[in-house]
Amino acid sequence: MGEMKRKETEQGKRRSHKSKRNPSAKLKKRGPRLPSSLQKQLQQLNPTTSDDTVDSDDANDVYEYEEERAEEESTRNKRYDPASVNDDLSQVLEDENVQSDDESEDDDRTGTERNGNAMTDDSGEEDDGRHSRMLQAITGMPREAFEENKKRKKRDNIIPELYPESEYNPSGDVVDGDGHITIDDLLDPLREKPGYGKLRKRSDRINKNSRTIHAPLSKAVQAKVERKAAYEASKKDVSKWQPIVQRNREAPTIFFDENVDLGFSTVGAIASEFEPRTEFEKKIAALVHDDKVMEAHKQDGSKLLEMNKIKTEASQIQMDPEAAEEYAMKRERLRAEERMTLKHKNKNRWAKRILQRGLNSQDEGTRAAIAEQLQRHAELTRKMHTMDGSSSSEDTSDEDDENSAGSDQDRTRKLLGKAKEKTMKVLDEEDEVPQSGLLSLPFMRRGLEKKREAVVEEANLASQEYENLEISGGSEDPKAASTSGRRVFGTSKAQISDTSIKVKSDNYYGGSDSDNDLGTGKSDNIENEGSDFLHRDQNNDSVAIQEDTDTPQESVFKNIDEIINNPGPKTTYEVSIFVSDTWKKAKNLNEGRSIKKSPKLNGPARQNIQDAEKEIGGDSDTDSEGQMADGILSSVSKLPYELPSQEELIQQAFAGDDVEDDFEKDKQEILNEENPEPEKPLLLPGWGQWTHIQQKKGLPSWMLKKHEDARKKREESLKERKDAQLKNVIISEKIDKKAEKLHTKSLPFPFTSKEVFEQSMRVPIGPEFNPATAIGPLNRPERHLELKIENPAEEAHTDKDV
Amino acid sequence: MKVKVISRSVDEFTRERSQDLQRVFRNYDPGLRPQEKAVEYVRALNAVKLDKIFARPFIGALDGHVDAVSCMAKNPSQLKGIFSGSMDGDIRLWDLAARRTVCQFPGHQGAVRGLTASTDGHILVSCGTDCTIRLWNVPITSLMESDDSTKSTIEPASVYVWKNAFWGVDHQWDGEHFATAGAQVDVWNHNRSQPINSFEWGSDTVISVRFNPGEPNLLATSASDRSIILYDLRMASPVRKMIMMTKTNSISWNPMEPINFTAANEDGNCYSYDTRKLDEAKCVHKDHVSAVMDIDYSPTGREFVTGSYDRTVRLFQFNGGHSKEIYHTKRMQRVFCVKFSGDGSYVISGSDDTNLRLWKAKASEQLGVILPRERKKHEYHEAIKKRYKHLPEVSRIAKHRHLPRPIYKASKLMHVMADAKRKKEEKRKAHSAPGSITTQPLRRRRIIKEVE
């Protein structure tokens, strides 16, 4: 134990020396620093290495080395705290390997050797001498102190420093040249005494369990730590506003008038402030502020007069179930009465009279009463409806459907009937012939007759058709109706159902024709005769009407007409061949007649004839047109005509103008305009021509150079143009000054892309361009600020315009 | 056959009164109006020009003080009441609507440096260089009786004498604490003659203090050692310190964003900071050519007003790098204090020339009752101005301001200097090894360090 003490004192001494030698090192030393197990192990493994390095080093180097190590260990300082590894604790260690004191000593020694001082001590005698001398020189202490130090060097072990070394807190050895007094020191003299073992054990136990208290941090450091923690806390606290701030910033409009307490804004609020002053007012107040009345008022303000009744009833109902049942019964009875009397249904005399006189002429009260009755009725009947409402409604809808279906058929029937009537009327009217005037002249009469014939004929046709339609019962295919649009042969196909009628009339004509019959018509008739035989009988009367009239041209025309209308492309083909022979005639006739006929015709018959006319009209045009219209007729054309190819057509269309060349020229012009060609340097007359030499020299070189530069520049800019590589495109790079006003030079700040920016200005926001409902949100300002008035008493005096 | 005819119901086309407007029916088919964008652009241009024509921000001066106005405080509970303190120790309560003094609070022996009112508006706290804090009961009824023009004077409710002179005071929102700035930061209670808490970090004088309205326990101070310090009353400790290159004269918290505050700096700029990131300013608001003396946020938190030693008052957007408005008159001297009115529509400035001045917050705003149609028109104009503000002509007209010559010249000179500096730096950068010279952004350049 004595050794221990000595070691410690040595250690302390050396430390003090060192601290005097190097103030910077002193700072490092101040903190707790004592053996680390790692270091120990290192030393044990090869104890010479560190010594060797130290040998070569001079004093300064030693300190550097020490500093480095201190830094390395800084993190472990807590674990191997000088305080915690106090002398007492080292004893604990001793206890653990109590078998050999030497070993522990060794350990201790190696531990101390970590310290630079110890290392210097280990080095050779010369070094020691020098060292002690130096120490002496610096500290001014007697040499013996250092010598002694040297002798004890192997024993010293631990630095028992709790406080930083300073003039206020000198270590013991500095004061008296000796180490601290430990408990062991005090125990030593008692070694021979009987109670020593006990005492020793106790002290050991105390040492074992004792823990040194860490030195409190300096005030500044402590404050810093506190501040750090506080900052973290307040940061966290403030961060809770982040989402709100974010939302406010992103909101298009912030409203500052929400949750405004407007004070006296409502009548109720003003009334609540009212204080009764007179007797009467107080009485009224007592009544009005009665709890029951208030409650009832809340429930239904309008029935204030009935208050008592309702209240008693309500209270009763609340009181017992019997009353509730009774109440319900009463209501039901009232309801039944009402239903029975039917007072509400405008059935009584009063209501009837009022309704008779007209609701509009009544005063408001009466009208309200009537309305109430109606409402009542609705209420009372509602239950009934809910009970059997669904099925009845379904039934009615079904009926409706049937009706509508039936009505469709009816309508067509009616329409047909009407048309028939009309045609008959026309036929009847024909008999009246004017006896005098222009119309009575013979040729006029003949003309009229002809006309009439035509009309009769058409009327007959029409009536027949109606009959047919009636028979078929309106189930005609829809195609027939939609045929009129098509021009060429499509019509005939659609009119299949009508053919029989027409063919019949053909038959009639065929039969009556005498002179100019061309035979084809007949042959045609024969073809169709079988199928139409029955119809002919039916239409006998119409034939009879027209018996006396026969015009060859007309018949021919009719033939052609009908044939064209006949189904089947084959027949059409034949007819068209035939037509080409007798074309002129038919055409003329057609033109002459159609004008007269058309106004009087109506219905499908007229449609038919118009179709036919169209047909003929189409055919009567040039051949080429016929070819263009349909391929079927192309074989008939007399001149072989070939369709020109697309290219030929284009060539023909643009014959005589060279578009490409023009474009080239245009582009060149624009290029010249936007990047003008530099002017060629010219010799001004009289300039530079004084002598022959000057004249021979020509233009000055700078001028040429300038010109050349300008030319190069132009070429460059031409190359940089966007349309430089595009042959068929001109992209103008001229800046339109007027349009420039409407563009920004760069993308303005909050926008991230050009499209978004342009989008933001695209839709107009003015009142002329938007409905009134949309203008509000479109034009809403960023901040919607309303005055917040805290004290309404001052509102009257607070005028905003100051 | 159905024949379509024009049918008009009588109700739709009959006016109730002869003064009513005729109803107009429009076809909103965009195909019918191919020029709509051009039309709106021209309207925006006209609206901007009209703004310039109607820009008459100055409403009036409130004179009565006999020395420079050093500080002001608005009454949180009353819209038209404002307190002002002057260098001769005079405190006045003004009626902004009538533009006259309602009452005076005599008592201070030296300059009044700080004024603030409690949130309920009942108590006024003043402090000054005479080392006293005085609490006053604000006359509530005085505004009602302002018609009889007898100026009343009021005795202080309590006077607390302390060890050092005071530079500023601010009241906690909705609490009963107030903080004074002086040799240190003291937190006081209404009812105690001694501070309940004192903070000191560094040994320099604290020159301004401001409580955070959103977080009532957080306060920021600025000191003459060029630092800005945050305190938290709950922890009873300072929180964070940041040192800039120049002194911060005043601080204002954004009332809508409790995380942000803006500092009015001696170098003529204002710096907006996030309390959580003090190593970098969120935004630098430039334009003043001399020290910014005071700053106050609008209650909307979207703009703030600054008063400067260069005799101008400027209005900034909370995120705008440059001012959107500058107010000046010939007679206005150094501006020491500015305040936004409680409704955000007026600005009050107090200056060296002993006057308070009342300005409109929007220079061209129409005062008085605005009819709905007028309001709609204004809204429309605002909307199209906002829409086309980026177009060169519109922005040019909107940004143009006529400045007093000294300010114009000074700003020009500052511009030249900044340009030269930038060029020099660029050259230096170009002629040294790449990466060896780095330029800090302006947001960070003026910050020396952040102290934990």
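The values are calculated or read from the model by the stated rules, or taken from the named source; none is laboratory data. In this text, all values refer to a predicted model and were calculated from it rather than measured experimentally. Ideal geometry is used to build each Cβ from the backbone, glycine not excepted, and the neighbour counts take in all protein chains shown.
Taking the criterion of being loosely packed, with under 10 Cβ neighbours inside 10 Å and either within 31 Å of the chain's Cα centre (by Cα) or part of a helix (DSSP H, G or I) (or both), the residues of the stretch B:417-452 that qualify are B:430, B:441.
Scanning the stretch B:232-249 for residues that are touching a helix residue (DSSP H, G or I) at 6+ places or on another chain (Cβ under 9 Å) and of a type outside the set (A, V, I, L, M) gives B:232, B:234, B:237, B:238, B:240, B:241.
A count restricted to the stretch B:396-412 and to residues that are more than 24 Å from the chain's Cα centre (by Cα) and free of Cβ contacts under 8 Å to residues at least 12 places away in the same chain stands at 4.
Residue-by-condition table, conditions (1) modelled with pLDDT of 90 or more; (2) touching a Cys at 6+ places or on another chain (Cβ under 6 Å); (3) part of a loop (DSSP other than H, G, I, E, B):
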residue	(1), (2), (3)
A:656	no, no, yes
A:662	no, no, no
A:677	no, no, yes
A:689	no, no, yes
A:696	no, no, no
A:704	no, no, no
A:708	yes, no, no
A:713	yes, no, no
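For residue B:330, the criteria (1) surrounded by 19 or more Cβ atoms within 10 Å (Cβ to Cβ); (2) away from chain A (no Cβ under 14 Å); (3) modelled with pLDDT under 95 hold in every case but one, which is (1). Going by the structure shown, is residue B:411 surrounded by 12 or more Cβ atoms within 10 Å (Cβ to Cβ) and away from chain A (no Cβ under 14 Å)? So residue B:411 fits the description; yes. Condition check: of a type outside the set (A, V, I, L, M) and at pLDDT 80 or above. Does residue A:366 satisfy that? Here the answer is yes, as residue A:366 does meet what is asked.
So, in the stretch B:22-46, exactly how many residues are within 12 Å of chain A (Cβ to nearest Cβ) and part of a loop (DSSP other than H, G, I, E, B)? Of the residues in that region, 10 qualify. When B:74, B:37, B:52 are checked against the criterion of being closer than 30 Å to residue A:760 by Cα and either in contact with a strand residue (DSSP E or B) (Cβ under 7 Å, 6 or more places away or on another chain) or in contact (Cβ under 8 Å) with a residue 60 or more places away in the chain (or both), a single residue qualifies: B:52. Which of (1) at pLDDT 90 or above; (2) within 13 Å of chain A (Cβ to nearest Cβ) is the odd one out, the single condition residue B:86 does not satisfy? Of (1) at pLDDT 90 or above; (2) within 13 Å of chain A (Cβ to nearest Cβ), only one is false for residue B:86: (2).
Hey, any hits in the stretch B:180-201 for a residue that's within 14 Å of chain A (Cβ to nearest Cβ), closer than 19 Å to residue B:255 by Cβ, at pLDDT below 95 and more than 21 Å from the chain's Cα centre (by Cα)? Within the stretch B:180-201, none of the residues are within 14 Å of chain A (Cβ to nearest Cβ), closer than 19 Å to residue B:255 by Cβ, at pLDDT below 95 and more than 21 Å from the chain's Cα centre (by Cα).
Within the stretch B:47-72, being under 30 Å from residue B:380 (Cβ atoms), of a type in the set (D, E, K, R) and more than 14 Å from every other protein chain (Cβ to nearest Cβ) holds for B:49, B:51, B:52. On inspection, residue B:364 fails the criterion of being in contact (Cβ under 8 Å) with a residue 60 or more places away in the chain, over 24 Å from residue B:121 (Cα atoms) and buried (at least 21 other Cβ atoms within 10 Å of the Cβ). Taken as a whole, the stretch B:232-244 holds at least one residue that is out of contact with any Cys (no Cβ under 6 Å at 6 or more places or on another chain) and among the hydroxyl-bearing types (Ser, Thr, Tyr). Taking the stretch B:341-358 as the range and being assigned to a strand (DSSP E or B) and away from chain A (no Cβ under 12 Å) as the test, the residues that pass are B:349, B:350, B:351, B:355, B:356, B:357. Here is the figure for the stretch B:359-377: residues that are at negative phi, within 12 Å of chain A (Cβ to nearest Cβ) and either of a type in the set (Phe, Trp, Tyr) or within 24 Å of the chain's Cα centre (by Cα) (or both) total 7. Can you tell me which of B:261, B:316 is hydrophobic (A, V, I, L, M, F, W, C), buried (at least 21 other Cβ atoms within 10 Å of the Cβ), within 13 Å of chain A (Cβ to nearest Cβ) and closer than 23 Å to residue A:249 by Cα? Criteria check complete, one pass: B:261. When residue B:251 is tested against the conditions (1) in a strand (DSSP E or B); (2) more than 9 Å from chain A (Cβ to nearest Cβ); (3) modelled with pLDDT under 95, the lone failure is (3).
Quick grid of which residues meet (1) modelled with pLDDT of 70 or more; (2) of a type outside the set (A, V, I, L, M, F, W, C):
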{"residue": "A:274", "(1), (2)": "yes, no"}
{"residue": "A:279", "(1), (2)": "yes, yes"}
{"residue": "A:284", "(1), (2)": "yes, no"}
{"residue": "A:290", "(1), (2)": "yes, yes"}
{"residue": "A:293", "(1), (2)": "yes, no"}
{"residue": "A:300", "(1), (2)": "no, yes"}
{"residue": "A:305", "(1), (2)": "no, no"}
{"residue": "A:308", "(1), (2)": "no, yes"}
{"residue": "A:311", "(1), (2)": "no, yes"}
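Considering (1) of a type outside the set (Asp, Glu); (2) more than 12 Å from chain A (Cβ to nearest Cβ); (3) farther than 30 Å from residue B:397 by Cβ, the lone condition that residue B:75 does not fulfil carries the number (2).
Per-residue answers, yes or no, for (1) modelled with pLDDT of 80 or more; (2) surrounded by 12 or more Cβ atoms within 10 Å (Cβ to Cβ); (3) at the interface with chain B (Cβ under 7 Å from one of its Cβ atoms):
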residue: A:747; (1), (2), (3): yes, yes, no
residue: A:751; (1), (2), (3): yes, yes, no
residue: A:757; (1), (2), (3): yes, yes, no
residue: A:764; (1), (2), (3): yes, yes, yes
residue: A:776; (1), (2), (3): yes, no, no
residue: A:781; (1), (2), (3): yes, yes, yes
residue: A:786; (1), (2), (3): no, yes, no
residue: A:790; (1), (2), (3): no, yes, yes
residue: A:797; (1), (2), (3): no, yes, yes
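Just give me the residues in the stretch B:398-408 being surrounded by fewer than 17 Cβ atoms within 10 Å (Cβ to Cβ) and within 14 Å of chain A (Cβ to nearest Cβ), in sequence order. Once the filter is applied, which keeps residues that are surrounded by fewer than 17 Cβ atoms within 10 Å (Cβ to Cβ) and within 14 Å of chain A (Cβ to nearest Cβ), the stretch B:398-408 yields only B:399.
Against the definition (surrounded by 10 or more Cβ atoms within 10 Å (Cβ to Cβ) and in a loop (DSSP other than H, G, I, E, B)), how does residue B:56 come out, yes or no? Spell out the reasoning first.
Numbers: surrounded by 10 or more Cβ atoms within 10 Å (Cβ to Cβ): yes; in a loop (DSSP other than H, G, I, E, B): yes.
Criteria met by residue B:56.
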